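Notes follow once the structure below has been shown.
Bear in mind that the values in this text are calculations on the coordinates, not laboratory data. Keep in mind the model is a prediction, meaning the values are calculated, not measured. Cβ coordinates were reconstructed from backbone atoms using ideal geometry, including for glycine residues, and neighbour counts include every protein chain displayed.
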């Protein structure tokens, strides 16, 4: 007798990235993609064939006809807020997934958080680095005292797209404390958001627990982050990891005296499309996506938070907006939460708009077709 997967998944959006999400759920033992909703008939028909799932032209129609455990919204950012709220209100799902960034305005991000929080629905905020199991293993080691008391975090990447990647990782090593205040600056005009010269935002972020975070506004030879404690340092590019310990001798050169701890080996990271097509004719969606999809399953099964809760992505977005506001105000400190909830930070055009319209039908078909050999 064949075991039926525990959780039934409905996809809202089955385009390029939606296909990757659906494939991730197909690979997990406890989930099955049973329904798809997409107003694009070509995407819908392709998704129905690939996943042997029922198809609907609207999310409302899918919710009226399906009993779903997980709803995964993979859409251009402009549709994210309404679709996440709709899923919380109408789907009856036990868990929700959406993609990054969450929204363009604080007000929209607020209502997404409230729709899920008020109903007790766990919400995984995207296919993001913060969900990687290697990072959570490192966090457990740090919480166990591996580098002593955490004092500061240096993030070596510009805070773009609402901080959904770098800032969300910084938060996890700051014990997910609330952000008290920030100062900020930009790599570009803080009053302009032209897509061709998108703002890189950097600054200083002070957490309520006293941990400090320094964010670079420009890309450099360094990438990832450094977590500094009283007894050691953790360094990661979010794919590879190393711990260094403070030397016991005071005679050691402080510039090069930190000692690498090679006793802990993290599992290797597998990226998207490694090793070519598998025996089923699919490209591997990547460890990051698999860990992100597993995160919502674990949240439902064990009654815990997802690895990247929507409210953490909301916190990252608000901190990014606050740093931009600090830059607009002459780099003055800005306290959180921000009073003006109408503030917006537009994502890049390719995240805001439908990809088929931007790429053209021929190129879009080529890209979505790469996921499988067919």
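Quick look at the values:
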| read-out | value |
| --- | --- |
| Alpha carbon centroid spacing (whole Å) that separates the stretch 285-299 from the stretch 218-243 | 23 Å |
| Degrees between helix 41-51 axis and first principal axis of the chain (Cα, 0 to 90, nearest 10) | 80 degrees |
| Bins of 5 Å from zero: percent of alpha-carbon pairs in the stretch 180-246 | 4, 14, 17, 19, 20, 14, 7, 4, 2 |
| Hull shadow area, averaged, the chain [alpha-carbon convex hull, nm²] | 20.6 nm² |
| Euclidean distance of C-alpha centroids, the stretch 104-122 and the stretch 335-358, integer Å | 15 Å |
| Rg in Å to one decimal, and Dmax rounded to a whole Å, for the stretch 132-261 via C-alpha atoms | 15.8, 53 |
| Computed [θ] at 222 nm, deg cm²/dmol, the chain (DSSP H ≥ 4; -39,500 (n - 2.57); rounded to nearest 500) | -9500 deg cm²/dmol |
| Rounded, prolate or oblate (a/c below 1.5 giving rounded, otherwise prolate when a/b exceeds b/c) for the stretch 109-170 by Cα gyration tensor | prolate |
| Projected area, mean over directions - the stretch 7-121, Cα convex hull, nm² | 6.3 nm² |
| 0 to 90° range, to nearest 10: angle between helix 310-328 axis and the chain longest Cα axis | 60 degrees |
| Full-stretch length increase - residue 338, residue 208 - with 0.36 nm per residue and alpha-carbon distance subtracted | 45.3 nm |
| Listed peptides 34-44, 132-142 by packing density, highest first (mean Cβ within 10 Å) | 34-44, 132-142 |
| Tilt relative to the chain, helix 106-117 - C-alpha long axis, 0 to 90 degrees, to 10 | 70 degrees |
| Distance in nm between pseudo-label sites at residue 181 and residue 261 (7 Å out along the Cβ direction from Cα) | 3.4 nm |
| Relative pair counts by distance (%), Cα atoms of the stretch 274-374, 10 Å bins | 12, 23, 28, 26, 10, 2 |
| Contour minus Cα-Cα distance for residue 277 and residue 151 (0.36 nm per residue) | 40.9 nm |
